[in-house]
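Engineer: First the structure, then my questions, so here it is.
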Amino acid sequence: MARNRHSEHQSESGGQCPPYAPRSFVGWALPAGFSETVEKKRCKFFGAPRAFSLVELLVVIGIITLLIGILLPTLGKAREDAKRISCLSNLHQISIAAIHYASTSGTYPASHYVVSNDSGTLTFDWDWCYLPGQQPKPGLLWLGETQMPVNRCPSWEGKQFNYPGAPYCGYNYNVSYIGGEPQFGMPDDPGFIRCLPARAGGVSHPSQAAMFGDAENSVFWCNTYMRSPLPSPSELQWLSFGTSAGGFWAAYNDPAGGGSGRTNGAQGFRHRGSSNVCFADGHAESIRNIIAAPHMPKEVGFLARDNSVYGGE
């Protein structure tokens with residue numbers, strides 16, 4: 001019991017040696033120096049408080065540093081995974097919008113066309129519309145909607161290559177098989193190219209035809225038109241002058257060094273080595289199998305070596 005009382009005194013006094021208060025008994029006289037002797041023995045028994053040594057502090061600091069080094073990469077990966085999942089959700093919603101557009105209009109949204117009238121030149125793209133003297137507005141895909149936050153990849157901080165001053169999104173649209181070759185020139189111009197998007201129900205194997213995906217062709221730029229790695233039938237029709245060996249629209253692996261226009265429409269594998277893609281049936285997934293695009297950063301490439309993932313046979 002006496003030891004328990006001493007422990008209470010020790011906790012109350014912050015770890016210091018508890019004071020000794022000798023009891024007095026009737027008829028007894030304590031020897032001189034008795035209290036001092038008992039006090040020394042008590043302090044030796046309970047121990048006096050002491051500070052941390054430098055070695056102990058360094059050990060604690062080392063442990064904390066090690067824990068931070070372990071936790072920070074894990075937190076960074078968790079943030080990137082959250083962005084990847086958010087991007088997949090965006091692409092899924094974009095694909096549903098395109099499918100709805102096709103069911104309403106009979107064709108998928110045109111990738112790009114231009115109209116000229118008395119007010120000037122009006123440019124209509126799948127993602128944004130550019131009208132004279134006005135800020136860019138949501139494009140053909142959105143059927144008049146004014147708010148479209150899903151039209152931006154959360155991991156993309158760069159700008160569009162097509163229109164550097166336009167709001168950027170970081171996504172591209174399959175023009176090789178679905179959105180149609182972007183319009184070039186006006187109907188009366190030589191070399192005019194008319195944009196002819198795929199008809200509703202006209203996409204072969206929709207569950208295997210990439211429709212939208214992560215766009216990237218440099219650290220800072222992206223092209224909003226997705227290109228298949230090899231010339232598609234529509235490209236052979238409209239761009240035949242540049243699809244042969246050495247041409248601007250030649251195959252991505254052209255031995256003559258052509259195909260730079262095609263690699264500009266490659267995909268960005270920026271989600272920890274994967275690229276997000278949505279398909280013509282509405283589902284979205286992450287693809288890790290990168291086919292490197294020549295003369296592009298290492299995280300830029302195609303989804304396959306042939307056109308089977310883009311809507312080709």
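The values are calculated or read from the model by the stated rules, or taken from the named source; none is laboratory data. Not measured: the values here are computed from a predicted model. Note: ideal-geometry Cβ built from the backbone for every residue, glycine included; neighbour counts use all protein chains shown.
Engineer: Quick one: N217 ticks every box in (1) assigned to a loop (DSSP other than H, G, I, E, B); (2) surrounded by fewer than 17 Cβ atoms within 10 Å (Cβ to Cβ); (3) at pLDDT below 90; (4) of a type outside the set (V, I, T) except a single one, so which number is it?
Structural biologist: Here N217 clears every test but (2).
Engineer: Say whether the condition of being small (G, A, S), buried (at least 22 other Cβ atoms within 10 Å of the Cβ), at positive phi and in a loop (DSSP other than H, G, I, E, B) is met by at least one residue in the range 274-289.
Structural biologist: Scanning the range 274-289, I find no residue that is small (G, A, S), buried (at least 22 other Cβ atoms within 10 Å of the Cβ), at positive phi and in a loop (DSSP other than H, G, I, E, B), so the answer is no.
Engineer: Being farther than 28 Å from G158 by Cα and either touching a residue at least 40 places away in the same chain (Cβ under 8 Å) or of a type in the set (A, V, I, L, M) (or both) is the requirement here; does V219 meet it?
Structural biologist: no
Engineer: Output the residue which, of all residues in the range 119-144 that are aliphatic (A, V, I, L, M) and buried (at least 16 other Cβ atoms within 10 Å of the Cβ), is nearest to F212 (Cα to Cα).
Structural biologist: The qualifying residue nearest to F212 (Cα to Cα) is L141.
Engineer: Moving to a separate point now. For the range 229-262, name all the residues that are of a type in the set (S, T, N, Q) and under 24 Å from G185 (Cβ atoms).
Structural biologist: S232, S234, Q237, S240, T243, S244, S260
Engineer: Do you know which residues across the range 101-122 are of a type outside the set (S, T, Y) and farther than 26 Å from H271 by Cβ?
Structural biologist: A102, G106, A110, H112, V114, V115, N117, D118, G120, L122
Residue by residue, here is whether (1) touching a Cys at 6+ places or on another chain (Cβ under 7 Å); (2) of a type in the set (F, W, Y); (3) more than 19 Å from N151 (Cβ to Cβ) holds:
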residue: A210; (1), (2), (3): no, no, no
residue: W221; (1), (2), (3): no, yes, no
residue: S234; (1), (2), (3): no, no, yes
residue: G242; (1), (2), (3): no, no, yes
residue: Y252; (1), (2), (3): no, yes, yes
residue: G258; (1), (2), (3): no, no, yes
residue: A280; (1), (2), (3): no, no, no
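Engineer: Now for a different question. Quick one: is F192 touching a strand residue (DSSP E or B) at 6+ places or on another chain (Cβ under 7 Å) and hydrophobic (A, V, I, L, M, F, W, C)?
Structural biologist: Taking the combined requirement at face value, the residue satisfies it.
Engineer: Only one of (1) closer than 17 Å to Y173 by Cβ; (2) surrounded by 20 or more Cβ atoms within 10 Å (Cβ to Cβ); (3) of a type outside the set (G, A, S); (4) at pLDDT below 95 fails for H271. Which number is that?
Structural biologist: Only one criterion in (1) closer than 17 Å to Y173 by Cβ; (2) surrounded by 20 or more Cβ atoms within 10 Å (Cβ to Cβ); (3) of a type outside the set (G, A, S); (4) at pLDDT below 95 is unmet by H271, namely (1).
Engineer: Continuing with this model, one more query. Tell me which residues, restricted to the range 78-87, are in contact (Cβ under 8 Å) with a residue 24 or more places away in the chain and either surrounded by fewer than 18 Cβ atoms within 10 Å (Cβ to Cβ) or out of contact with any strand residue (DSSP E or B) (no Cβ under 6 Å at 6 or more places or on another chain) (or both).
Structural biologist: E80, D81, K83, S86
Engineer: Looking only at residues that are polar (S, T, N, Q) and surrounded by fewer than 17 Cβ atoms within 10 Å (Cβ to Cβ) in the range 108-118, which one is nearest to Y130 (Cα to Cα)?
Structural biologist: Taking the candidates together, the pick is S116.
Residue-by-condition table, conditions (1) out of contact with any strand residue (DSSP E or B) (no Cβ under 7 Å at 6 or more places or on another chain); (2) hydrophobic (A, V, I, L, M, F, W, C):
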residue: Q237; (1), (2): yes, no
residue: S240; (1), (2): yes, no
residue: G246; (1), (2): yes, no
residue: A251; (1), (2): yes, yes
residue: A256; (1), (2): yes, yes
residue: G259; (1), (2): yes, no
residue: G265; (1), (2): no, no
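Engineer: Is at least one residue of the range 194-207 within 27 Å of the chain's Cα centre (by Cα) and crowded, with 21+ Cβ neighbours inside 10 Å?
Structural biologist: no
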